[in-house]
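One structure is given here, and the rest of the page talks about it.
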Amino acid sequence: MTDIQTPDLTAAPEAAPRPATGGDVLVEVMRRHGITHAFGVISIHNLPLVEAVARDLTFVEMRHEAAAVNAADAFARVTGGIGVALTSTGTGAGNAAGSMLEALTAGSRVLHITGQVESEWVGSNRGVIHEVPAQLEMLTAISKGAARVPSAQAVAQTLEAAIATIGTPPHGPFSVEWPSDLQYLARPEAQVDGGPLPLAEPPAPDEGEIAAAAEVLASARRPVLWLGGGAADAGDGIRRLADRLGAAILTSNSGRAIVPEDDELVVGNFASTPQGAALLADADVLLSIGTHFRSNETRTYSLPLPAKHVQIDVDPAAIGRVHPARVGVRGDALLAVSALLDRVVGSSTEPGWRDRVVATRGEVREQLTDYIGGYAEICAELRRQLPRESVFARDVTIPSSQWGNRLLELYSRDTNVFPLGGGIGQGLAMGVGATAACPQAPTVVIAGDGGLSVHLGELASLRQLGGPCVVVVFNDSGYGVLRNMQAANGLDRAGVDLWTPDFGDLARSMGMPYWRTGAPGTFGPALTEALATGRPTLIEVDVTALDPAPGAFTPPVHIPEPDHGGGA
């Protein structure tokens, strides 16, 4: 007798093979370039992309498209690679625009992939859901470049062209809009000419320009170097050159820690202080590398700089644009500095100049430490307890602008993440990207209550991501920077006093450990406990409890004097 087998009706049916999509093409391209993460907001116009990245790589769920780009931007800055942001079309792409402008300002390597309505309806103006007129033109305006995927077979080709543009100096973000039907129809095996494109070689400096620059530097008696973000890859050579010349190293905010800030020649981001200005006034040669001489770092272009100016920049148009250059060196900073090291073998630096540089370095730090009162304890504890490789993601707030961008000592440029364009509210999302990029060391987010409220939802993104990140929110119940600006200029107090949430309740709702600090001696123990958790935490600093009270910080924004003569 044959046994009759009773079928198991509770067993799940065997799943049908999953068809490949454009998401698989995206994953292949990302893997080819060593890209491990994408940050984004899922949508009906990017489902296949999110599904593939979440399955095969790492997809970090953000709550807002602007935050997704900020996180990808920070990830790129910290890793030195490419950050990927996935957004929806229409409003989603529009939400990303401000953060794309930040990435463009900072020259960040961001690949922004946004959806688009089905290719059949692009430009039809029929009112297809999420259809926006001239989306590609908008993306072009906010990116180094932008393109639309033209067919299911040209996806890899389009993505590779975007990555090649991102990787060609000067770097910058690229936007790709991808019609939703072509996301489903694309197949890895059907791609045409989808291999990596060669990157343009960094422009080598002209030998004649190098010779002229070396001659000026060799004659310098009181030399100063000014570093911007464009000097990022040349730190070791710059350190050797500065030491050889006995030159002071001043930096922009973006150029901080290209040479570690514990080097005795690094005066740092203090050029506009009285001591920094005096040093520049007495200098006879200035070598600037990859800096824009931004208005807020040059007293709105009124800071006197040496007439003998050697300027290195990869962008030929930058030479002499802000401050006249006696010698311009057009080319890659690393190649230019290496060439100068071969030629500048000695110096004629004035006796005592190096000692003055070291003394100035100490004076500016001591003065600022005294001025910021109770903030000084917080700054010291952050530096004492955090490893050298920890990333500080700083939003636009008084602690960041007054001392975080000067006094908080940094040792490598990739640990200095902040909104270079000055937009408030981006620091928390940048902290999410930094935490994903550097999970082996704690990240610290420095934000104000006003800035944190711009994207409060990203606390949930951080909590979901996990990893060691301490969010330090400085609570003064509003926009303290603008309050001070109004008071300093006799303006009415308006728009700056905000109702703020109970951050303890907010942290508990997110499942994040919380401490409230501010009084002397309270921040250090809270930070120790927060770091020991190894997970996202929130520390609130009651600014009104700081003792001694900090000196006021007023942003260096020029307000013209009123015209009392009645002229136009």
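The values are calculated or read from the model by the stated rules, or taken from the named source; none is laboratory data. What you are looking at is a predicted structure, and each value in this text was computed from that prediction instead of being measured. Here the Cβ positions follow ideal geometry from the backbone for every residue, glycine too, while neighbour counts run over all protein chains shown. Quick note on the areas: whole protein, heavy atoms, side chains included, nothing else; ligands and nucleic acids left out. Shrake-Rupley method; radii C 1.70, N 1.55, O 1.52, S 1.80 Å.
Identify all residues within segment 30-47 that are under 20 Å from SER151 (Cβ atoms) and crowded, with 23+ Cβ neighbours inside 10 Å; write none if there are none.
HIS45, ASN46 - these are the residues of segment 30-47 that are under 20 Å from SER151 (Cβ atoms) and crowded, with 23+ Cβ neighbours inside 10 Å.
Check ASP370 against each of (1) at pLDDT 95 or above; (2) within 17 Å of the chain's Cα centre (by Cα) and name the one condition it does not meet.
(2)
Outside any helix (DSSP H, G or I) and either open to solvent by 10 Å² or more (accessible area, probe 1.4 Å) or in contact with a Leu (Cβ under 6 Å, 6 or more places away or on another chain) (or both) - does that describe any residue in segment 64-77? Step through it out loud before you land on a result.
First pass over segment 64-77, keeping only residues outside any helix (DSSP H, G or I): 64.
The next check asks that each one be either open to solvent by 10 Å² or more (accessible area, probe 1.4 Å) or in contact with a Leu (Cβ under 6 Å, 6 or more places away or on another chain) (or both); those that pass are 64.
For segment 64-77, residues outside any helix (DSSP H, G or I) and either open to solvent by 10 Å² or more (accessible area, probe 1.4 Å) or in contact with a Leu (Cβ under 6 Å, 6 or more places away or on another chain) (or both): present.
Evaluate segment 500-512: report whether one residue or more is touching a residue at least 60 places away in the same chain (Cβ under 8 Å) and either assigned to a loop (DSSP other than H, G, I, E, B) or more than 27 Å from ALA68 (Cα to Cα) (or both). Show your work before the answer.
Residues of segment 500-512 that are touching a residue at least 60 places away in the same chain (Cβ under 8 Å), as a first pass: none.
No, because not a single residue in segment 500-512 is touching a residue at least 60 places away in the same chain (Cβ under 8 Å) and either assigned to a loop (DSSP other than H, G, I, E, B) or more than 27 Å from ALA68 (Cα to Cα) (or both).
If only one of ALA152, ALA162 is touching a residue at least 24 places away in the same chain (Cβ under 8 Å), closer than 22 Å to THR36 by Cα and touching a Phe, Trp or Tyr at 6+ places or on another chain (Cβ under 9 Å), which one is it? Lay out the reasoning, then the answer.
Details: ALA152 fails: closer than 22 Å to THR36 by Cα.
ALA162 is the lone residue from the list that is touching a residue at least 24 places away in the same chain (Cβ under 8 Å), closer than 22 Å to THR36 by Cα and touching a Phe, Trp or Tyr at 6+ places or on another chain (Cβ under 9 Å).
With the condition kept exactly as written, say whether any residue in segment 51-58 is in a strand (DSSP E or B) and within 23 Å of VAL155 (Cα to Cα). Working first, answer last.
Residues of segment 51-58 in a strand (DSSP E or B): 58.
Subsequent filtering for residues that are within 23 Å of VAL155 (Cα to Cα) retains 58.
Yes.
Mind checking which helices (runs of 4 or more DSSP H) fall wholly inside segment 167-256 and carry at least 1 residues that are β-branched (Val, Ile, Thr)? Steps first, answer last, please.
Values: elements: 180-185, 207-218, 235-245.
Of the helices (runs of 4 or more DSSP H) lying wholly inside segment 167-256, those with at least 1 residues that are β-branched (Val, Ile, Thr) span 207-218, 235-245.
Which residue is modelled with the lowest pLDDT, if the candidates are limited to segment 1-29 and must be exposed (fewer than 10 other Cβ atoms within 10 Å of the Cβ) and β-branched (Val, Ile, Thr)?
Within segment 1-29, the match that is modelled with the lowest pLDDT is THR2.
So the check is Cβ under 9 Å with 6+ separation or different chains; which pairs have a first residue in segment 386-408 that's over 18 Å from GLN426 (Cβ atoms) and a second one that's open to solvent by 20 Å² or more (accessible area, probe 1.4 Å) and of a type in the set (Asp, Glu)?
Taking only residues 6 or more apart or on different chains, the pairs are GLU389/ASP414.
Within segment 85-94, does at least one residue satisfy the condition of being in contact (Cβ under 8 Å) with a residue 60 or more places away in the chain and buried (at least 22 other Cβ atoms within 10 Å of the Cβ)? I'd like the intermediate steps shown before the answer.
As a first pass, look at segment 85-94 and keep what is in contact (Cβ under 8 Å) with a residue 60 or more places away in the chain: 89, 93.
Then drop every residue that is not buried (at least 22 other Cβ atoms within 10 Å of the Cβ), which leaves 89, 93.
Yes: one or more hits.
This table checks each residue for (1) within 19 Å of ILE312 (Cα to Cα); (2) aliphatic (A, V, I, L, M).
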residue	(1), (2)
PRO260	no, no
LEU265	no, yes
ALA271	yes, yes
PRO274	no, no
ALA277	no, yes
VAL285	yes, yes
HIS292	yes, no
THR298	yes, no
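Would you please name the residue that is farthest from the chain's Cα centre (by Cα), looking only at residues in segment 535-547 that are open to solvent by less than 40 Å² (accessible area, probe 1.4 Å) and not acidic (Asp, Glu)?
So in segment 535-547, the residues open to solvent by less than 40 Å² (accessible area, probe 1.4 Å) come out as 536-543, 545-546.
This time we only want the ones that are not acidic (Asp, Glu), so: 536-539, 541, 543, 545-546.
Numbers: PRO536: 20, THR537: 22, LEU538: 22, ILE539: 23, VAL541: 24, VAL543: 26, ALA545: 31, LEU546: 29 Å.
Per the criteria, the residue is ALA545.
Can you name the strands (runs of 3 or more DSSP E) wholly within segment 379-487 that have at least 1 residues being buried (at least 24 other Cβ atoms within 10 Å of the Cβ) and over 15 Å from the mean Cα position of the chain (by Cα)? I'd like the intermediate steps shown before the answer.
Values: elements: 392-394, 443-448, 469-475.
Because the criterion is at least 1 residues that are buried (at least 24 other Cβ atoms within 10 Å of the Cβ) and over 15 Å from the mean Cα position of the chain (by Cα), the strands (runs of 3 or more DSSP E) in segment 379-487 that meet it are 443-448, 469-475.
Which of the residues belonging to segment 345-355 are outside any loop (DSSP other than H, G, I, E, B) and surrounded by fewer than 16 Cβ atoms within 10 Å (Cβ to Cβ)?
Initial filter on segment 345-355 (outside any loop (DSSP other than H, G, I, E, B)): 353-355.
Matches in segment 345-355: ASP355 only.
Identify, please: which residue in segment 230-245 is in contact with a Ser or Thr (Cβ under 7 Å, 6 or more places away or on another chain) and surrounded by fewer than 23 Cβ atoms within 10 Å (Cβ to Cβ) and is, among those, nearest to ARG356 (Cα to Cα)?
ARG244
Among the listed residues VAL132, VAL128, which satisfies the condition of being free of Cβ contacts under 8 Å to residues at least 12 places away in the same chain and hydrophobic (A, V, I, L, M, F, W, C)? Write out each step before concluding.
Numbers: VAL132 fails: free of Cβ contacts under 8 Å to residues at least 12 places away in the same chain.
Being free of Cβ contacts under 8 Å to residues at least 12 places away in the same chain and hydrophobic (A, V, I, L, M, F, W, C) holds for just one of VAL132, VAL128, which is VAL128.
May I ask you to list the residues in segment 158-168 that are over 21 Å from the mean Cα position of the chain (by Cα) and surrounded by 18 or more Cβ atoms within 10 Å (Cβ to Cβ)? Give the steps one after another, and end with the answer.
Of all residues in segment 158-168, those over 21 Å from the mean Cα position of the chain (by Cα) come to 158-161.
Scanning segment 158-168 gives THR158, LEU159, GLU160.
Among the residues of segment 98-128, what is the count of those that are part of a loop (DSSP other than H, G, I, E, B), open to solvent by 50 Å² or more (accessible area, probe 1.4 Å) and of a type outside the set (S, T, N, Q)? Working first, answer last.
Looking only at segment 98-128, we keep the residues that are part of a loop (DSSP other than H, G, I, E, B), and these are 107-109, 117-118, 122-128.
Next, from what is left, pick out any that are open to solvent by 50 Å² or more (accessible area, probe 1.4 Å): 109, 118, 123, 125-127.
Still in the list and also of a type outside the set (S, T, N, Q): 109, 118, 123, 126-127.
Residues that pass the stated criteria total 5.
Every residue, every condition in (1) at positive phi; (2) out of contact with any Leu (no Cβ under 6 Å at 6 or more places or on another chain); (3) surrounded by 21 or more Cβ atoms within 10 Å (Cβ to Cβ), yes or no:
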{"residue": "LEU279", "(1), (2), (3)": "no, yes, yes"}
{"residue": "LEU287", "(1), (2), (3)": "no, no, yes"}
{"residue": "GLY290", "(1), (2), (3)": "yes, yes, yes"}
{"residue": "TYR301", "(1), (2), (3)": "yes, yes, no"}
{"residue": "GLY320", "(1), (2), (3)": "yes, yes, no"}
{"residue": "ASP332", "(1), (2), (3)": "no, yes, yes"}
{"residue": "GLY362", "(1), (2), (3)": "no, yes, no"}
{"residue": "THR369", "(1), (2), (3)": "no, yes, no"}
{"residue": "ILE372", "(1), (2), (3)": "no, yes, yes"}
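For segment 188-223: of the residues being among the β-branched types (Val, Ile, Thr) and surrounded by 15 or more Cβ atoms within 10 Å (Cβ to Cβ), which is nearest to the chain's Cα centre (by Cα)? Spell out how you get there, then give the answer.
First pass over segment 188-223, keeping only residues among the β-branched types (Val, Ile, Thr): 192, 210, 216.
Imposing the further condition that a residue be surrounded by 15 or more Cβ atoms within 10 Å (Cβ to Cβ) reduces the set to 210, 216.
Numbers: ILE210: 31, VAL216: 34 Å.
Restricting to residues being among the β-branched types (Val, Ile, Thr) and surrounded by 15 or more Cβ atoms within 10 Å (Cβ to Cβ), the top hit is ILE210.
Of the numbered conditions (1) within 23 Å of ARG244 (Cβ to Cβ); (2) assigned to a loop (DSSP other than H, G, I, E, B); (3) open to solvent by 50 Å² or more (accessible area, probe 1.4 Å), ALA325 fails exactly one; give the number of that condition.
Here ALA325 clears every test but (3).
Out of the residues in segment 503-521 that are over 24 Å from GLU377 (Cα atoms) and out of contact with any Leu (no Cβ under 8 Å at 6 or more places or on another chain), state the one that is least open to solvent (accessible area, probe 1.4 Å).
Of everything passing the filter in segment 503-521, GLY511 is least open to solvent (accessible area, probe 1.4 Å).
Which pairs have Cβ atoms under 9 Å, sit 6 or more apart or on different chains, and link a residue in segment 33-47 that is under 20 Å from ILE166 (Cβ atoms) to one that is assigned to a loop (DSSP other than H, G, I, E, B) and among the hydroxyl-bearing types (Ser, Thr, Tyr)?
GLY40/SER88; ASN46/SER88; ASN46/THR89
Pairs only if they're at least six apart or on different chains, beta carbon under 7 angstrom, first in segment 204-224 and without any contact (Cβ under 8 Å) to a residue 60 or more places away in the chain, second open to solvent by 50 Å² or more (accessible area, probe 1.4 Å); list them, first residue then second.
Pairs that qualify, where the first residue is without any contact (Cβ under 8 Å) to a residue 60 or more places away in the chain and the partner is open to solvent by 50 Å² or more (accessible area, probe 1.4 Å): there are none.
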